[in-house]
Structures are given as structure tokens and as C-alpha cells.
Amino acid sequence: MHDLQDLCQGHLPQIAPWFDDPVTRRWLGGRDWAENTLLLAKADTNRHGLIASIEGNPVALLDVEVYADSSASFAIVVDPRLRQRGIATRALKAMLEFTRFATVSRFFAGVEHGNESSTRFLARLGFTPTAKPSEQGFIDYELVR
Ligand SMILES: CC(C)(COP(=O)(O)OP(=O)(O)OC[C@H]1O[C@@H](n2cnc3c(N)ncnc32)[C@H](O)[C@@H]1OP(=O)(O)O)[C@@H](O)C(=O)NCCC(=O)NCCS
């Protein structure tokens with residue numbers, strides 16, 4: 001896996017089918033999720049749509065938002081054909097090492113109750129659940145560094 005690169009319009013046709021997958025749709029949403037990630041990244045310098053690739057092919061998309069308090073939230077989706085092979089784990093390690101996020105001291109992701117794949121891979125990377133679920137039933141998993 002190479003360095004993360006910014007999501008651009010040209011990636012959309014390649015990654016749109018990931019959002020037809022029922023698991024992606026259940027936890028994140030449909031094709032508009034990728035389009036919104038691109039729009040938000042273009043409109044807001046604190047928002048980053050990032051693509052992880054293997055041999056030039058996109059394999060994961062990250063949506064990262066950096067806040068004024070040096071924390072950052074993120075969500076990730078992996079190509080449904082390539083899950084259970086460690087790609088999310090590698091993409092998140094790349095995010096943690098990404099120079100653009102060198103000043104971020106706390107990363108967190110809101111995981112919906114029941115999303116076991118997410119909780120397992122985040123836990124293996126050292127993320128821990130924060131005490132309180134949000135009003136929407138999400139639990140934040142955080143990594144402080
Ligand atoms: C959650 C999600 C990102 C995980 O992606 P992934 O690439 O499958 O994650 P990983 O492969 O790194 O880890 C998942 C599993 O693969 C296993 N794995 C890791 N490396 C492996 C390898 N080389 N060979 C086989 N299995 C491996 C892990 O042990 C883990 O197993 P477990 O969950 O049964 O304990 C993916 O399922 C997804 O896109 N889901 C839909 C969107 C979503 O829910 N996003 C989360 C919002 S934050």
C-alpha cells in the first residue's frame with residue numbers, strides 16, 4: 001500500500017460500486033457518501049477525503065475531519081471485495097503516520113452499535129471506547145498520542 005492521496009473526481013467511478021454493498025450501505029450510506037466526502041474536502045480545509053491504493057488501484061477511502069483542539073474524527077470504507085485482508089488496518093496505520101496529521105493528538109471514530117468489524121480492527125490498533133455512547137447510539141473509539 002502506498003501513501004494516502006487526496007480523493008478526486010476521477011476516483012468516484014472506481015469507488016462508487018463499494019457503496020452498493022449492503023454492509024457499506026448499512027453503516028455508512030449509499031453512493032452519495034463518497035460524493036459528499038469529495039465536496040466537503042473541497043469546501044473545507046479541515047476536511048480530508050483520502051484514498052489508499054495498492055498497485056494504483058483504490059482499495060480504501062477515509063473521510064477525516066481535523067478540529068481546532070488537535071483532535072480528528074474519521075470514517076473508513078474498504079472495497080467490499082477486499083475485506084478481511086488487513087487493508088483497513090494498513091490504511092489506518094498510514095493515516096496515523098500521515099505527515100499532514102502530525103499535530104493531531106487524538107483520533108476518534110464513532111462506531112454504531114453492532115458494527116463488530118469496526119470495533120475489532122480499531123481495538124487491535126489500540127483504540128479504546130470512550131465511556132458514553134452518543135444520543136444516536138454511536139460509541140466513540142479513540143486513540144490519544
Ligand atoms: C470495517 C471495515 C473498514 C474493516 O475493513 P477490513 O479491511 O476488512 O479490516 P481488516 O482486514 O484490517 O480487519 C478485519 C479482519 O480481517 C482480519 N485480517 C487482518 N489481516 C488479515 C489477513 N492478512 N488475512 C486475513 N484476515 C486478516 C482481521 O484479523 C480482522 O478479523 P476479525 O474482524 O474477524 O477479528 C470494512 O469492513 C468496511 O469497509 N465496512 C463498511 C464500512 C464501515 O463499517 N466503516 C466503519 C466506519 S468507521
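No value in this document is a laboratory result; all are computed from the given coordinates. Small disclaimer: the values here were computed from a predicted structure and weren't measured. Neighbour counts are summed over all protein chains in view; Cβ atoms, including those assigned to glycine, are modelled from backbone coordinates with ideal geometry.
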Matching residues in region 25-52 - criterion: being under 23 Å from LEU96 (Cβ atoms) and of a type in the set (S, T, N, Q): THR37, THR45, ASN46
Region 64-81 residues that are on the phi > 0 side of the Ramachandran plot, paired with ones that are away from the ligand (no atom under 11 Å from the Cβ) and of a type outside the set (Ser, Thr, Tyr) (beta carbon under 8 Å, 6 or more apart): SER70/VAL104; SER70/ARG106
One residue from ASP63, ASP69, ASP79, ASP21 being within 29 Å of ALA131 (Cα to Cα), among the acidic types (Asp, Glu) and touching a helix residue (DSSP H, G or I) at 6+ places or on another chain (Cβ under 7 Å): ASP63
Matching strands (runs of 3 or more DSSP E) fully within region 19-128 where at least 1 residues are under 15 Å from the mean Cα position of the chain (by Cα) and near the ligand (Cβ under 9 Å from one of its atoms): 57-66, 71-78, 106-112
